[in-house]
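J.: Attaching a single structure in structure tokens format; questions to follow.
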Amino acid sequence: MTAKSTIEQQLDHRTIRAFTKQPVAPAIIEQLVSVARHTATSNFQQAFSVISVTDPAKKEQIAAIAKQPYVAANGHLFVFVADQHRDQQIGAEMGKTENHLGGTDRFLQAWSDTTLAVQNTEVAAESLGLGTVILGSILNDTQQLIDILALPQLTFPVLGLAIGWPDQKPQLKPRLPERFVHFENTYQLPAPLRPQLAEYDAVVHQYYDLRDTNRRVDTFTNQVKARLALQPEKRAEMLTVLHRQGFLLE
């Protein structure tokens, strides 16, 4: 694939939530995991793991956490996990019990390694014609997810990724104009902000009004406002769960 076609593919990214009944071949899953393994990593620590969730009962449980039934439907489900447990095991087996693996620095390294692996895997999957949906919704109840996946200390789930052969082609969702996300040398958000977002709000309004499914009246700034004070109950417990897993205790 040329650089140009890769860019075109990424600019045409659409979240796919409906997959055909055609399974994703094991060879493709192996290839995608290989792509994840070859992702750039902080300090060569490779501080993430990938769990393929193939047990239908577990998929149903995770779909319930995510409040998205399609997670349990057709397609292959990955859960990407920030993982400092592996390094702890290596150190213990080499007689090194003191470590800072639960500290903020090492946690953020693991988190960034994991999210980079998710993005790499998504790009690779789409290059093969697969559809994808990244699932931040698995964090709606992190403790339950940790229990379902039997995650040990010094691990934490970051994102899910469902892939499959697309059974839909949704409209391309409009993104913020460049001037609101790309600055030079210093942070330079234009002010006052909302009036300058009016044109983008109109584009988003039209997108929601004309798209094929789940039409509604909405804008970008209205969505931002609605989410400012929104926090699902179990997400409010996330720091407590991080502490239970051995992270951010410093």
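J.: Considering each of Leu249, Leu239, Leu197 in turn, give the residue that is in a loop (DSSP other than H, G, I, E, B) and hydrophobic (A, V, I, L, M, F, W, C).
T.: Just a single option satisfies the conditions, and that option is Leu249.
J.: Can you confirm whether Leu197 is loosely packed, with under 12 Cβ neighbours inside 10 Å, among the aliphatic types (A, V, I, L, M) and out of contact with any Pro (no Cβ under 6 Å at 6 or more places or on another chain)?
T.: Against the criterion (loosely packed, with under 12 Cβ neighbours inside 10 Å, among the aliphatic types (A, V, I, L, M) and out of contact with any Pro (no Cβ under 6 Å at 6 or more places or on another chain)), Leu197 does not qualify.
J.: Follow-up. Inspect all residues belonging to region 122-137 and state whether any of them is surrounded by fewer than 23 Cβ atoms within 10 Å (Cβ to Cβ), in contact with a Lys or Arg (Cβ under 7 Å, 6 or more places away or on another chain) and more than 14 Å from Ile51 (Cα to Cα).
T.: yes
J.: Please work out which residue is surrounded by the fewest Cβ atoms within 10 Å (Cβ to Cβ), limiting yourself to region 1-19 and to residues that are under 29 Å from Ile146 (Cα atoms) and of a type in the set (Val, Ile, Thr).
T.: Per the stated criteria, the residue is Thr15.
J.: Could you tell me which numbered condition His100 fails, if it satisfies all but one of (1) assigned to a loop (DSSP other than H, G, I, E, B); (2) within 17 Å of Pro166 (Cβ to Cβ); (3) not basic (Lys, Arg)?
T.: Checking His100 against (1) assigned to a loop (DSSP other than H, G, I, E, B); (2) within 17 Å of Pro166 (Cβ to Cβ); (3) not basic (Lys, Arg), the one that fails is (2).
J.: Just to check your reading of the model, which residue among Ala36, Ala25, Ala40, Ala47 is surrounded by fewer than 16 Cβ atoms within 10 Å (Cβ to Cβ), within 27 Å of Met238 (Cβ to Cβ) and of a type outside the set (Asp, Glu)?
T.: Ala40 is the lone residue from the list that is surrounded by fewer than 16 Cβ atoms within 10 Å (Cβ to Cβ), within 27 Å of Met238 (Cβ to Cβ) and of a type outside the set (Asp, Glu).
J.: Would you point out which residue out of Gln144, Gln188 is out of contact with any Phe, Trp or Tyr (no Cβ under 8 Å at 6 or more places or on another chain), over 15 Å from Ala82 (Cα atoms) and surrounded by 14 or more Cβ atoms within 10 Å (Cβ to Cβ)?
T.: After ruling out the rest, the residue left standing is Gln144.
J.: Is it the case that Gln168 is surrounded by 11 or more Cβ atoms within 10 Å (Cβ to Cβ) and either farther than 30 Å from Tyr70 by Cβ or at pLDDT 95 or above (or both)?
T.: no
J.: Something else now. Any idea which of (1) in contact with a Ser or Thr (Cβ under 8 Å, 6 or more places away or on another chain); (2) on the phi > 0 side of the Ramachandran plot is the one Asn185 doesn't satisfy?
T.: Checking Asn185 against (1) in contact with a Ser or Thr (Cβ under 8 Å, 6 or more places away or on another chain); (2) on the phi > 0 side of the Ramachandran plot, the one that fails is (1).
J.: Does region 136-157 contain any residue that is among the hydrophobic types (A, V, I, L, M, F, W, C) and in contact with a His (Cβ under 7 Å, 6 or more places away or on another chain)?
T.: yes
Listed here are the residues, each with its yes/no results for (1) among the acidic types (Asp, Glu); (2) under 30 Å from Trp111 (Cβ atoms); (3) in a helix (DSSP H, G or I).
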{"position": "Phe156", "(1), (2), (3)": "no, yes, no"}
{"position": "Ile163", "(1), (2), (3)": "no, yes, no"}
{"position": "Pro170", "(1), (2), (3)": "no, yes, no"}
{"position": "Leu176", "(1), (2), (3)": "no, yes, no"}
{"position": "Val204", "(1), (2), (3)": "no, yes, yes"}
{"position": "Tyr207", "(1), (2), (3)": "no, no, yes"}
{"position": "Lys225", "(1), (2), (3)": "no, yes, yes"}
{"position": "Ala229", "(1), (2), (3)": "no, yes, no"}
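J.: What pairs come up if the first residue lies in region 87-109 and is more than 12 Å from Gln45 (Cα to Cα), the second is outside any helix (DSSP H, G or I) and modelled with pLDDT under 95, and their beta carbons are under 6 Å apart, counting only those six or more places apart or on different chains?
T.: Close Cβ pairs (under 6 Å, with a partner that is outside any helix (DSSP H, G or I) and modelled with pLDDT under 95) amount to Gly91/Asn99; Gly102/Leu249; Gly103/Glu250.
J.: Residue check: is Ala226 among the small types (Gly, Ala, Ser), farther than 30 Å from Ala125 by Cα, at pLDDT below 95 and surrounded by 10 or more Cβ atoms within 10 Å (Cβ to Cβ)?
T.: Yes; evaluated as a whole, the condition is true for this residue.
J.: Say we look at region 83-115 and pick out the residues that are surrounded by fewer than 15 Cβ atoms within 10 Å (Cβ to Cβ) and small (Gly, Ala, Ser); which of these is farthest from the chain's Cα centre (by Cα)?
T.: Only one residue tops the list, namely Gly95.
The values are calculated or read from the model by the stated rules, or taken from the named source; none is laboratory data. It should be emphasised that the depicted structure is a prediction, and the values quoted were computed from it without experimental measurement. As a convention, Cβ positions derive from the backbone with ideal geometry for all residues, glycine included, and neighbour counts pool all protein chains shown.
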